[in-house]
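Here's the structure we're looking at; comments come further down.
The values are calculated or read from the model by the stated rules, or taken from the named source; none is laboratory data. Since the model is a prediction, treat every value here as computed from it, not as a measurement. Positions of Cβ are backbone-derived with ideal geometry, glycine not excepted, and every protein chain shown enters the neighbour counts. Just the protein is used for accessible areas: all its heavy atoms, side chains included, with ligands, DNA and RNA removed. Shrake-Rupley method; radii C 1.70, N 1.55, O 1.52, S 1.80 Å.
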Amino acid sequence: MAPLKLREGTGRRNRAVDARAPIHIVLFGAGHVGEALVTLLGALPCVVQWVDTRDELFPDECPPNVQPEPTDAPEAYVDAAPPGAYFLVMTHNHALDFSLAERIMRRRDFAYFGMIGSRTKRVKFERRLAARGVDQERLTEMVCPIGVAGIVDKAPWSIAVAVCAELMQARAGMAVAHAKAQVQVSADVVSCVAARSGAHVSA
C-alpha cells in the first residue's frame with residue numbers, strides 16, 4: 001500500500017467562514033437591557049439600528065455595527081426596515097411597546113419579532129392586537145417573553161445573553177416563534193390537566 005501523501009501545511013488554523021450576510025436588527029429601547037444587548041451584538045454578525053426617543057441615554061461610543069437612532073417617531077423605523085429584519089422591542093413605555101407591536105405585525109416579511117415582557121403582557125397584547133384586526137394565527141409570530149429557555153436571572157446582562165442566543169437560533173433557521181408557541185401550548189395543557197386533577201381529588 002502506498003504511503004499517504006500529506007499536503008504541505010500553511011501554518012494557520014482552519015477557520016469556518018460564514019458567507020451569509022449580517023442580519024439587520026432594529027432594537028427599540030436604550031435602557032439597561034438595551035445597553036447590555038448592544039455590547040454583545042457588537043461581536044455578532046449583524047447590523048443594528050438602536051432606536052429610542054431619549055437621546056441622552058445613548059452612550060458616547062457604540063460598537064461599529066451599531067447605529068444609535070434618537071427620534072421622536074420610532075414607529076417610522078418599523079416601516080423603513082428592510083424585508084427579513086429582526087425586531088426587538090424593549091422600551092420604557094408600555095403604550096409605545098404596543099404601538100410598535102401593532103406596526104410590526106402589520107408587516108408580513110420580518111424574520112423575527114421579540115418583545116420583552118411577561119406571559120401576562122403577551123396575553124394582553126394578543127387580545128388587543130386581535131381586536132385591531134391582526135389574524136389570530138399570526139399572533140404566534142410574536143415572541144414574548146424573549147430569550148432562550150433556562151436562563152431565569154432577570155439581570156440585564158443575563159437577559160441580553162438569552163436574547164442573543166435566541167437571535168442566533170433564528171439566524172440559523174430555527175422556527176423560534178413556532179417552537180416557543182408549541183412549548184407554551186404543552187405547558188398550558190399540563191397546567192389545565194393538573195388543575196382538573198386537583199379539583200377532582202379535592203371533591
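If only one of 74, 64, 70, 59 is in contact with a Leu (Cβ under 8 Å, 6 or more places away or on another chain) and more than 27 Å from residue 178 (Cβ to Cβ), which one is it?
Testing whether each residue is in contact with a Leu (Cβ under 8 Å, 6 or more places away or on another chain) and more than 27 Å from residue 178 (Cβ to Cβ) leaves just 74.
Do any residues in the stretch 151-172 that are touching a residue at least 60 places away in the same chain (Cβ under 8 Å) have Cβ atoms under 8 Å from those of residues that are of a type in the set (Ser, Thr, Tyr) and assigned to a helix (DSSP H, G or I), where the two are at least six apart or on different chains, and which pairs are they?
Between residues of the stretch 151-172 that are touching a residue at least 60 places away in the same chain (Cβ under 8 Å) and residues that are of a type in the set (Ser, Thr, Tyr) and assigned to a helix (DSSP H, G or I), the close pairs are 160/39.
Would you be able to tell me the number of residues in the stretch 122-140 that are free of Cβ contacts under 8 Å to residues at least 24 places away in the same chain and not hydrophobic (A, V, I, L, M, F, W, C)?
8
Would you mention how many residues in the stretch 32-77 are acidic (Asp, Glu) and touching a Pro at 6+ places or on another chain (Cβ under 8 Å)?
Number of matching residues: 3.
Restricting attention to the stretch 61-97, which residues are farther than 24 Å from residue 122 by Cα and in contact (Cβ under 8 Å) with a residue 24 or more places away in the chain?
Residues satisfying the conditions are 62, 63, 65, 66, 68, 82, 83.
Of all residues in the stretch 62-108, count the ones that are among the hydroxyl-bearing types (Ser, Thr, Tyr) and over 14 Å from the mean Cα position of the chain (by Cα).
The qualifying residues number 3.
Need the failing condition index for residue 147 against (1) in a helix (DSSP H, G or I); (2) open to solvent by less than 80 Å² (accessible area, probe 1.4 Å); (3) at pLDDT 90 or above, just the number.
Against the list (1) in a helix (DSSP H, G or I); (2) open to solvent by less than 80 Å² (accessible area, probe 1.4 Å); (3) at pLDDT 90 or above, residue 147 comes up short only on (1).
Restrict the check to the stretch 158-167 and report whether at least one residue is open to solvent by 30 Å² or more (accessible area, probe 1.4 Å) and either basic (Lys, Arg) or part of a loop (DSSP other than H, G, I, E, B) (or both).
no
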